[in-house]
Amino acid sequence: MLVASPAFPARAEVRAVRLSREGAGFAEGRLEAGVTVRADGLHAGRGGLYTSAAIAAPIAFSAIGPYWKGAPDVAVEVAVSPDGLAWGRWIPVPAEESIAPLREDGSPNPFGGDLLGPLVFVSPGSRWFRYRVRLPARRDGEPSLSRIAFHLIDPGRTADEDASQVEAHVESSLATSGPRRAVAPVPEEPSPVARADRPPILRRAAWGARPPKYAYSYTRAGHVGVHHTASVDDFTPTTRAECAARLRAIQAFHMDTNGWNDIGYAWVVCRHGEVFQGREDDDDATDVQGAHDGFNRGSTGLSLLGYFHPPYDQHPTQEQLSSLVDLIAWISGLRGIDPAGRSLYEAFGADVDNVYGHREVKDTSCPGDHLFALKELLRAAALEKLLIGAL
C-alpha cells in the first residue's frame, strides 16, 4: 500500500508529501504478461510493462519528483489529473543520476542509491497521478523494481507575488538580508582584472526561499559551473511568479530528497532572462559553497531553468543566454577569473576550463546538449564583456 509521510516541516506557503510503493504493494497495479509481484518487488523475466492504479494525492500539487530503486534501464512515465477522470499525457522521467548515500551534512540519506528522475512540473491543482514502468528482463533473481517514490510539491504563493512588490526585491546591489551568515574566512585578494557590472538579481525573499537547514559554508570561486535544472514542464511558466514557484519546488526537492542544505545552485536564470539568487547571501566578498556538481569547493554554480537534451530537447532562450553571459562576466571580474582560461579545480583534482559544463566533472548529461554546445561562445562573450569594461 501507499505510505504517506511529511516531506519536510514546510513553511506556510509550501506543502509537500512523499508517497511510496514497494514490495507486495505493487499488486494493486496492472501487470503485463511476464511481470510478477513478489515480496521484494516487481520481477520481469523477459521484460514487460507495469501500470499503477490511479492514486489520489492528499494535497493539490504542481510538481512531482520520482525516484526509484531498480535495474539501471527501468523506464518510468507519469501522468496527472485534476479529478481522476481526465488525464494528461504520459510524461517520460528518465533517470538523471543517483541520490548520494550521504546528505550534505554527512548523515545517511534514506534514499541513497535510488535513481533520481527530473522534477516534473504539471498543471497547478493536480490531485491525482499514476505511473507506468517499462521493466527490463532480469535473470539474476533480483527485482527489476523494488520500490518507487514520488515527492509531490505544492510551492504555494508568497505575499510578494504581485508585480509591484516583487519588483522592490530587484536590485543591482544587494542589501543585507537573507539567511543568517556564519563566520566566513577572509577571502584572498583577487588579481586586478577588469570588472563587469552586476546584473539585476531577484533576491531570495522575492521568490519565497526557505532558509537553509544550517549555516552556510564558504569558499572562493575560481571556476564557474554551468547547469540546467533538467526539470520537465507540462505547464509552461509565463510570469515571474510562476518562475518563483518553480524555484521553491526545486529547492524543496533538493533539500528534502537530495538531502542538501539548500537549493544546489548559487544563481538560477528563468526563461525570461531574470536572475534569481539561489544558494548565496548578500555579501559579494565571499562565495557560498553549493551542492551543484559533487565537488563544489572552489566553484560557483549557475543554472538555467529548462531541459536541454533528449527526450525534451528544449533550447535556452536568447534572454537566458544574455543573462548567463552577464553573470559569468560579473563573477569572473569579481574573482579574477579568466572566463576563456583553464586551471586546476582543486576539489575535482584536475585542470578544468574556468567556465565548465557540469558533464565535464561528473557523469551526467547536464547542462544538456543544446546548452553545452554553446559553451565556447559563452566563454568568449563573457571575456569580451570584461575587455570592453576595461576600456
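Quick notes
- Flag for residue 259 being over 11 Å from the mean Cα position of the chain (by Cα) and either in the same structural domain as residue 101 (by TED's automatic domain parsing) or modelled with pLDDT of 95 or more (or both): yes
Yes/no matrix, rows are residues, columns are (1) of a type in the set (S, T, N, Q); (2) within 22 Å of the chain's Cα centre (by Cα):
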position	(1), (2)
306	no, yes
315	no, yes
320	yes, yes
323	yes, yes
330	no, no
336	no, no
340	no, no
344	no, no
349	no, no
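- Residue ID - nearest to residue 382 (Cα to Cα), chosen from residues in the stretch 320-333 that are touching a Lys or Arg at 6+ places or on another chain (Cβ under 7 Å) and not β-branched (Val, Ile, Thr): 329
- Among residues of the stretch 246-271, those that are under 17 Å from residue 230 (Cα atoms) and touching a helix residue (DSSP H, G or I) at 6+ places or on another chain (Cβ under 8 Å), counted: 9
- Top-ranked residue of the stretch 351-389 - restricted to ones that are hydrophobic (A, V, I, L, M, F, W, C) and over 30 Å from residue 94 (Cα atoms), ranked as modelled with the lowest pLDDT: 388
- Count of the stretch 231-261 residues which are closer than 30 Å to residue 352 by Cα and in contact with a strand residue (DSSP E or B) (Cβ under 9 Å, 6 or more places away or on another chain): 8
So that you can scan it fast, the table gives a plain yes or no per residue for (1) under 19 Å from the mean Cα position of the chain (by Cα); (2) in contact (Cβ under 8 Å) with a residue 60 or more places away in the chain; (3) more than 21 Å from residue 292 (Cα to Cα):
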position	(1), (2), (3)
63	yes, yes, no
76	yes, yes, yes
80	no, yes, yes
96	yes, yes, no
111	yes, yes, no
121	yes, yes, no
128	no, yes, yes
140	no, no, yes
150	yes, yes, yes
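- Filter result for residue 358 (in contact with a His (Cβ under 7 Å, 6 or more places away or on another chain) and either under 22 Å from residue 296 (Cα atoms) or among the β-branched types (Val, Ile, Thr) (or both)): yes
- Count of the stretch 72-94 residues which are surrounded by fewer than 20 Cβ atoms within 10 Å (Cβ to Cβ), aliphatic (A, V, I, L, M) and within 20 Å of residue 23 (Cα to Cα): 1
- Those residues of the stretch 134-156 which are surrounded by 24 or more Cβ atoms within 10 Å (Cβ to Cβ) and either acidic (Asp, Glu) or not in a loop (DSSP other than H, G, I, E, B) (or both), in sequence order: 135, 145, 148, 150, 151, 152, 153, 154
- Neighbours by Cβ (under 6 Å, 6+ apart or cross-chain): first from the stretch 199-218, within 12 Å of residue 255 (Cα to Cα); second surrounded by fewer than 16 Cβ atoms within 10 Å (Cβ to Cβ): 210/11
The values are calculated or read from the model by the stated rules, or taken from the named source; none is laboratory data. As the structure is a prediction and not an experimental result, all values here were calculated from the model. Neighbour counts run over all protein chains shown; Cβ positions are idealised from the backbone, glycine included.
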